[in-house]
Amino acid sequence: MTNGVMLCDDLIFFSRVAATARAAGLTVKQARTTAALLALARQEPPGGVILDLHADGLDVPALLAGLREACPVMPTTVAFGSHVEAETLRAAREAGCNRVLPRSKFVQELETDLREWLEPAG
């Protein structure tokens with residue numbers, strides 16, 4: 001069972017998230033593109049999706065619309081990005097992400113909040 005999918009092309013950072021998930025008895029799969037993320041979501045709808053806002057070609061509103069179509073229950077969406085890119089973080093909030101965090105806060109809350117992030121929002 002997949003609890004979550006993470007859009008991230010940074011293998012080292014993804015490994016940290018995946019290890020934290022494993023320690024909590026959860027599973028997170030990596031998607032390096034939005035197309036791969038949507039394909040994984042269609043195969044096995046995740047409870048949560050984690051988005052690196054610096055992913056190449058990421059269109060958050062389009063991705064969220066695709067997730068709504070692909071999943072019977074809309075997954076919780078958690079997005080993170082650079083704290084200096086306030087506009088990018090604000091746009092992700094406005095697009096409908098459930099939680100949007102600067103990368104440092106995402107890392108800080110990873111162990112305590114990952115289970116909550118990987119539960120469906122609906």
Specify the residue that is nearest to Leu58 (Cα to Cα); the eligible residues are those in region 1-21 that are part of a helix (DSSP H, G or I) and hydroxyl-bearing (Ser, Thr, Tyr). Ser15
All but one of (1) surrounded by fewer than 17 Cβ atoms within 10 Å (Cβ to Cβ); (2) touching an Asp or Glu at 6+ places or on another chain (Cβ under 6 Å); (3) of a type in the set (A, V, I, L, M, F, W, C) hold for Ala36; which doesn't? (2)
Give region 9-46 a look and list any residue that's over 16 Å from Val107 (Cα atoms), touching a strand residue (DSSP E or B) at 6+ places or on another chain (Cβ under 6 Å) and in contact (Cβ under 8 Å) with a residue 40 or more places away in the chain, or say none. Pro46
In region 68-87, what count of residues is obtained for those that are over 16 Å from Glu119 (Cα atoms) and part of a strand (DSSP E or B)? 2
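The rows are residues; the columns are (1) in contact with a Gly (Cβ under 7 Å, 6 or more places away or on another chain); (2) surrounded by fewer than 20 Cβ atoms within 10 Å (Cβ to Cβ); (3) closer than 20 Å to Arg115 by Cα; (4) at pLDDT below 95.
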| position | (1), (2), (3), (4) |
| --- | --- |
| Met1 | no, yes, yes, yes |
| Val49 | yes, no, yes, no |
| Pro61 | no, yes, no, no |
| Arg90 | no, yes, no, no |
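One line per residue, one yes/no per condition, for (1) touching a His at 6+ places or on another chain (Cβ under 8 Å); (2) closer than 22 Å to Gly47 by Cβ; (3) touching a residue at least 60 places away in the same chain (Cβ under 8 Å); (4) crowded, with 16+ Cβ neighbours inside 10 Å:
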position	(1), (2), (3), (4)
Pro102	yes, no, no, yes
Phe106	no, yes, no, yes
Glu109	no, yes, no, yes
Leu118	no, yes, yes, yes
Contact list, first residue from region 58-71 and closer than 15 Å to Arg99 by Cα, second anywhere and surrounded by fewer than 19 Cβ atoms within 10 Å (Cβ to Cβ) and at pLDDT 95 or above, beta-carbon distance below 7 Å, six or more apart or interchain, is Val60/Ala91; Val60/Ala95; Pro61/Ala95; Leu64/Ala95; Leu64/Gly96
Which residues, taken from region 22-54, are in a helix (DSSP H, G or I) and touching a helix residue (DSSP H, G or I) at 6+ places or on another chain (Cβ under 6 Å)? Thr34, Leu38, Ala41, Arg42
Select, from Ala31, Ala19, the only residue that is at pLDDT 95 or above and closer than 19 Å to Val100 by Cβ. Ala31
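The values are calculated or read from the model by the stated rules, or taken from the named source; none is laboratory data. All of these numbers come straight from a predicted model, not from anything done at the bench. As a convention, Cβ positions derive from the backbone with ideal geometry for all residues, glycine included, and neighbour counts pool all protein chains shown.
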